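Visitor: Handing you this structure, nothing more for now.
The values are calculated or read from the model by the stated rules, or taken from the named source; none is laboratory data. Everything numeric in this text was worked out from a predicted model, so none of it was measured. Positions of Cβ are generated from backbone atoms using ideal geometry, with glycine treated the same way; all protein chains shown enter the neighbour counts. The area values use the complete protein model at the heavy-atom level, side chains included, leaving out ligands, DNA and RNA. Shrake-Rupley method; radii C 1.70, N 1.55, O 1.52, S 1.80 Å.
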Amino acid sequence: MFRRSKVAPGDVHSTLRRHLLVDGFPVVIDLEKSRGSWMRDSVTGKEYLDFFSFFASNPVGFNHPKMLDEEIQHRLARAATVRVSNADKYTTFMAEFVDTLSRTAAPPELPHYFFVDGGALAVENALKTAFDWKVRKNLARGLGERGTKVLHFEHAFHGRSGYTLSLTNTDPNKTDYFPKFDWPRLPSPFITFPLNAENEAKVIEAEKKVIALAEAAFAKEPNEIAAIIIEPIQGEGGDNHFRPELFKELRRLADEHEALLVYDEVQTGLGLTGKWWAYQHHDPKYAPDIICFAKKMQVGGIFVSKRIDDVEHNVFKKSGRINSTWGGSLVDMVRCTRILEIMEEEKLVENSAARGAELLRGLQALTEKFPFVTNARGQGLMCAVDLPDAATRDRAIDSCFEDGMIVLRSGVRAVRFRPTLNVDADNIAEGLRRLEHALAALKK
Ligand SMILES: Cc1ncc(COP(=O)(O)O)c(C=O)c1O
């Protein structure tokens, strides 16, 4: 039986506002009655088609029946009753999680795992892993204690923690006035769609310049760059897609200059792009050395390749170099274990690819119908379109919300779609109808 909260739904915003900045959605989620891709507001009873999915972090929607069965509910409650420090005290639940993960989502070529809370701390610990590796290599060669820079890209979003602030460069409001490191930043050679001959020629040209700049950055500061980091598709920076050829070059650079290649898959990971991990769309030869995960995984963390073992006392051998009190939350691990089982049983990675293709086809059709809508792009369910400017984009998003659909801003003028992995064809069709309605209203 669902016990009512002591705060009535209608009082939620005013209660929170007494102590917090409350600038989120004007809805109070009905955690009991929301279902699948439909989020219900407990104040008004209105239902919203959820193409937002908690910033792409909700993999199987609301109240999936397999999340409600008695056994999983019992396990979740058991794991939630006391908060265990997972990095130092072990449980059967944690072992089950690690075992399920290694059997399903985790890439075999990245056998070392580390867990922490959230995406920024996942990236933060990927960087620490790389610094430790690079500095120890430099010390062993008599080059001194150096190797603490990170080559990264314009329009990147890697989080808002200490180190990641030096990499994130989307909205200045997120980074201004905080101290940052002056690490080398490369332009972002992303594709404009459709990828016709003209657009492809432009992106090839841009890639060449970027690779030359990367070579120059390594030449300018030999032995200083510990890692190259990139989102395989930039999320918050505008849903920016790259050609596979770029990743091939990054792999080459990382090998030639002894840097670790880090893919931030916090947003692209766990099925969103129609593969477990976005890098799996490319030749396995160009696989990264580290992937960072969080969001849909529920637990933040990193998977790391055996390249780390070049250094004897690396962070997976020497205690205490990367650690935190809780080492991720056991409740999140139990929830993730169940999500992985559901994803496997219901073939949700395949569903993401199939439903994503429908969504992208629908978006492409809308660019034909409304010429002010451009650059329809997507891989799996990670789809977006551009509108002429930020104000028009914001009006479209507000209009979708009025019409009962939640979508997200991305970059300067894009609308991004982030349905859950178990979204069905009817939901996709309904989302496209609601979007078309919002776009038609803009024309007037
Ligand atoms: C690619 C990427 N990296 C890192 C982060 C930071 O994750 P968190 O907000 O969980 O710290 C995000 C969050 O949106 C992200 O999209």
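Visitor: Considering every residue within segment 131-138, establish whether at least one is part of a loop (DSSP other than H, G, I, E, B), over 17 Å from Leu261 (Cβ atoms), open to solvent by less than 30 Å² (accessible area, probe 1.4 Å) and more than 16 Å from the ligand (Cβ to nearest atom).
Guide: The first filter runs over segment 131-138 and keeps only residues part of a loop (DSSP other than H, G, I, E, B), leaving none.
No, because not a single residue in segment 131-138 is part of a loop (DSSP other than H, G, I, E, B), over 17 Å from Leu261 (Cβ atoms), open to solvent by less than 30 Å² (accessible area, probe 1.4 Å) and more than 16 Å from the ligand (Cβ to nearest atom).
Visitor: I need a count of the residues in segment 385-423 that are loosely packed, with under 14 Cβ neighbours inside 10 Å and either farther than 15 Å from Gly238 by Cβ or touching a residue at least 60 places away in the same chain (Cβ under 8 Å) (or both).
Guide: 3
Visitor: From the list Lys66, Lys46, Lys6, exactly one residue is farther than 23 Å from Arg335 by Cα and either in contact with a strand residue (DSSP E or B) (Cβ under 8 Å, 6 or more places away or on another chain) or in contact (Cβ under 8 Å) with a residue 12 or more places away in the chain (or both). Which is it?
Guide: Only one candidate passes the filter, namely Lys46.
Visitor: Here is a follow-up. Restricting to segment 264-301, give me the number of residues that are in a strand (DSSP E or B) and within 12 Å of the ligand (Cβ to nearest atom). Break it down stepwise before answering.
Guide: So in segment 264-301, the residues in a strand (DSSP E or B) come out as 264, 290-293, 300-301.
Narrowing further to those that are within 12 Å of the ligand (Cβ to nearest atom): 264, 291-293, 300-301.
So the count comes out to 6.
Visitor: For Ser57, only one of the following conditions fails: (1) away from the ligand (no atom under 16 Å from the Cβ); (2) touching a Lys or Arg at 6+ places or on another chain (Cβ under 9 Å); (3) among the polar types (S, T, N, Q). What is its number?
Guide: (1)
Visitor: Going through segment 238-295 one residue at a time, which ones are among the aromatic types (Phe, Trp, Tyr), closer than 19 Å to Phe55 by Cα and open to solvent by 10 Å² or more (accessible area, probe 1.4 Å)?
Guide: Of everything in segment 238-295, just one residue is among the aromatic types (Phe, Trp, Tyr), closer than 19 Å to Phe55 by Cα and open to solvent by 10 Å² or more (accessible area, probe 1.4 Å), namely Trp276.
Visitor: Please work out which residue is most open to solvent (accessible area, probe 1.4 Å), limiting yourself to segment 178-215 and to residues that are aliphatic (A, V, I, L, M) and within 27 Å of Gly271 (Cα to Cα).
Guide: Leu195
Visitor: Looking only at segment 196-218, count how many residues are touching a helix residue (DSSP H, G or I) at 6+ places or on another chain (Cβ under 7 Å) and closer than 27 Å to Ala376 by Cα.
Guide: So the count comes out to 2.
Visitor: Does any residue of segment 317-334 turn out to be in contact with a strand residue (DSSP E or B) (Cβ under 8 Å, 6 or more places away or on another chain), among the small types (Gly, Ala, Ser), surrounded by fewer than 24 Cβ atoms within 10 Å (Cβ to Cβ) and at pLDDT 95 or above?
Guide: Yes, some residue in segment 317-334 is in contact with a strand residue (DSSP E or B) (Cβ under 8 Å, 6 or more places away or on another chain), among the small types (Gly, Ala, Ser), surrounded by fewer than 24 Cβ atoms within 10 Å (Cβ to Cβ) and at pLDDT 95 or above.
Visitor: Given the conditions (1) in contact (Cβ under 8 Å) with a residue 60 or more places away in the chain; (2) part of a loop (DSSP other than H, G, I, E, B), and given that Leu195 satisfies all but one, which numbered condition is not satisfied?
Guide: (1)
Visitor: A further question follows. If a residue counts only when it is of a type in the set (Ser, Thr, Tyr) and modelled with pLDDT of 95 or more, which helices (runs of 4 or more DSSP H) contained entirely in segment 18-87 have at least 1 such residues?
Guide: Working: elements: 53-56, 65-68, 70-81.
Ranges flagged: 53-56, 70-81.
Visitor: Could I ask something else about it? Any idea which residue in segment 316-351 is farthest from Lys89 (Cα to Cα), counting only those that are outside any loop (DSSP other than H, G, I, E, B), touching a helix residue (DSSP H, G or I) at 6+ places or on another chain (Cβ under 9 Å) and acidic (Asp, Glu)?
Guide: Filtering first and then ranking leaves Glu345.
Visitor: Scan segment 157-167 for residues that are more than 8 Å from the ligand (Cβ to nearest atom), closer than 27 Å to His241 by Cβ and open to solvent by less than 60 Å² (accessible area, probe 1.4 Å) and report the count. Give the steps one after another, and end with the answer.
Guide: Going residue by residue through segment 157-167, those that are more than 8 Å from the ligand (Cβ to nearest atom) are 162-163, 165-167.
Keeping just the survivors that are closer than 27 Å to His241 by Cβ gives 163, 165-167.
Restricting the remaining residues to those that are open to solvent by less than 60 Å² (accessible area, probe 1.4 Å) gives 165-167.
Total satisfying the criteria: 3.
Visitor: Is segment 304-314 home to any residue that is under 19 Å from Ile230 (Cα atoms), open to solvent by less than 50 Å² (accessible area, probe 1.4 Å) and within 13 Å of the ligand (Cβ to nearest atom)?
Guide: no
Visitor: How many residues, within segment 216-237, are more than 26 Å from Asp132 (Cα to Cα) and either open to solvent by 20 Å² or more (accessible area, probe 1.4 Å) or part of a helix (DSSP H, G or I) (or both)?
Guide: Residues meeting the conditions: 1.
Visitor: Now for a different question. Among the residues in segment 170-183, are any assigned to a helix (DSSP H, G or I), within 14 Å of the ligand (Cβ to nearest atom) and of a type in the set (Lys, Arg)?
Guide: Yes: segment 170-183 contains one or more residues that are assigned to a helix (DSSP H, G or I), within 14 Å of the ligand (Cβ to nearest atom) and of a type in the set (Lys, Arg).
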